[in-house]
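**Q** Could you have a look at this structure, given as structure tokens, before my questions?
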Amino acid sequence: MINPTPSQINTAKQAPHNKVVLAKNSGFCFGVKRAIELALKTKEKVYTLGPLIHNPQVIAQLEQKGIVAIDSIDDIERGKIIIRAHGISRSVITRAKKKELLVIDATCPFVKNVQQIAESLSRDGYQVVIIGEANHPEVIGIADRVRNPIIIEDVSEVSGIGQFEKIGVVAQTTQSVENYKKMIHELRKHSKKIKISNTICNATKKNQNAAKGLAKNVNLMIVVGGYNSGNTRRLAKLCSEIVETKHIEVAEELKKKWFEKKKIVGVTGGASTPDWIIHEVIKSIENGF
Ligand code: SF4
């Protein structure tokens, strides 16, 4: 019997064909909200190195308000620059200051915490292993603070790292808890001394747990968020291991055939997906598009 528990449900409405259930703890996390608020508080034009968050719809809105994404600080000569929620490497901050750009730091405090732990492990002589996406700005910012970091994301990569006297492990804040546990299990084989810091943030854990709990009780999961958002992709992967799952960015991508014979549909969104986009998706499903 399909019976979502109250803790998994934020809103639930009867649709003409599909009942839609929104996961608790979906959408914008604390760090992303804070970064956007800081950017909006700046009344004049402000630059971000790369998009402020991984969501093309929000980026388009922010651009209209004077918050402009650039690829490199070489693209500007003066002005204000905001450090995004996932942080930045120290070398870029130094270069920005040398150019006398005004730097506003919107690095999420949880990301700062990982940076500090990694830095201190490295200082204490640990071989630092970062579990995360090597090309993600958050991981680049953490790695920059560490001597010879090892960055791995998949459990299959662990066997090749070699043996070390002592290993210190941190995780990108939005990694999946299951993957992290598997990696730690394997990493233990590579050193007698291993110091583990589970730096996956609470917002991510709650988001993942709520989505998984909901996925067990529905016939289809719709995960809403940017295709370039790592945490949304991981959320979709976690759900797809439980039930049929579709990852979309906006309501316009919904397809009628997905909903045939699907009595209950679960909806969740990544940490950088604004509520209004999630609610548009829900409304569309409820109205049969
Ligand atoms: S996912 Fe967590 S660590 Fe990352 S920005 Fe959001 S609150 Fe901060």
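**Q** How about segment 36-58: which of its residues are open to solvent by less than 30 Å² (accessible area, probe 1.4 Å), touching a strand residue (DSSP E or B) at 6+ places or on another chain (Cβ under 9 Å) and at pLDDT below 90?
**A** Hits for segment 36-58 are ILE36, ALA39, THR42, LEU49, GLY50, LEU52.
**Q** Under the condition of being in contact with a helix residue (DSSP H, G or I) (Cβ under 8 Å, 6 or more places away or on another chain) and in a strand (DSSP E or B), which residue from segment 254-289 is surrounded by the most Cβ atoms within 10 Å (Cβ to Cβ)?
**A** For segment 254-289, the residue satisfying everything is THR268.
**Q** Are there strands (runs of 3 or more DSSP E) fully within segment 74-136 with at least 1 residues that are within 16 Å of the ligand (Cβ to nearest atom) and more than 19 Å from GLN175 (Cβ to Cβ)? List them. I'd like the intermediate steps shown before the answer.
**A** Numbers: elements: 80-83, 102-105, 127-131.
It comes to 80-83, 102-105.
**Q** For segment 117-152, what are the residues that are surrounded by fewer than 18 Cβ atoms within 10 Å (Cβ to Cβ), closer than 19 Å to ARG84 by Cα and touching a residue at least 12 places away in the same chain (Cβ under 8 Å)?
**A** Within segment 117-152, just ALA134 meets the criteria.
**Q** Closer than 20 Å to ALA35 by Cβ and in contact (Cβ under 8 Å) with a residue 60 or more places away in the chain: does that describe GLY225?
**A** yes
Every residue, every condition in (1) open to solvent by 60 Å² or more (accessible area, probe 1.4 Å); (2) within 30 Å of VAL265 (Cβ to Cβ), yes or no:
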residue	(1), (2)
ASP154	yes, no
GLU165	yes, no
VAL170	no, no
TYR180	no, yes
HIS185	yes, no
LYS193	yes, no
ILE200	no, yes
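**Q** OK, next. Inspect segment 48-71 for any residue being assigned to a strand (DSSP E or B) and either over 17 Å from VAL103 (Cβ atoms) or within 16 Å of the ligand (Cβ to nearest atom) (or both) and give the result as yes or no.
**A** Within segment 48-71, the first condition is being assigned to a strand (DSSP E or B), and the residues that meet it are 48-49, 67-70.
Still in the list and also either over 17 Å from VAL103 (Cβ atoms) or within 16 Å of the ligand (Cβ to nearest atom) (or both): 48-49.
Yes: segment 48-71 contains one or more residues that are assigned to a strand (DSSP E or B) and either over 17 Å from VAL103 (Cβ atoms) or within 16 Å of the ligand (Cβ to nearest atom) (or both).
**Q** For ALA69, only one of the following conditions fails: (1) in contact (Cβ under 8 Å) with a residue 40 or more places away in the chain; (2) touching a Gly at 6+ places or on another chain (Cβ under 7 Å); (3) open to solvent by 30 Å² or more (accessible area, probe 1.4 Å); (4) not assigned by TED's automatic domain parsing to the domain that holds VAL169. What is its number?
**A** Tallying (1) in contact (Cβ under 8 Å) with a residue 40 or more places away in the chain; (2) touching a Gly at 6+ places or on another chain (Cβ under 7 Å); (3) open to solvent by 30 Å² or more (accessible area, probe 1.4 Å); (4) not assigned by TED's automatic domain parsing to the domain that holds VAL169, ALA69 fails exactly one: (1).
The values are calculated or read from the model by the stated rules, or taken from the named source; none is laboratory data. Note that the coordinates shown come from a computational prediction; the quantities given were computed from them, not determined experimentally. Neighbour counts run over all protein chains shown; Cβ positions are idealised from the backbone, glycine included. What goes into the accessible areas is simple: the full protein's heavy atoms, side chains included, and nothing from ligands, DNA or RNA. Shrake-Rupley method; radii C 1.70, N 1.55, O 1.52, S 1.80 Å.
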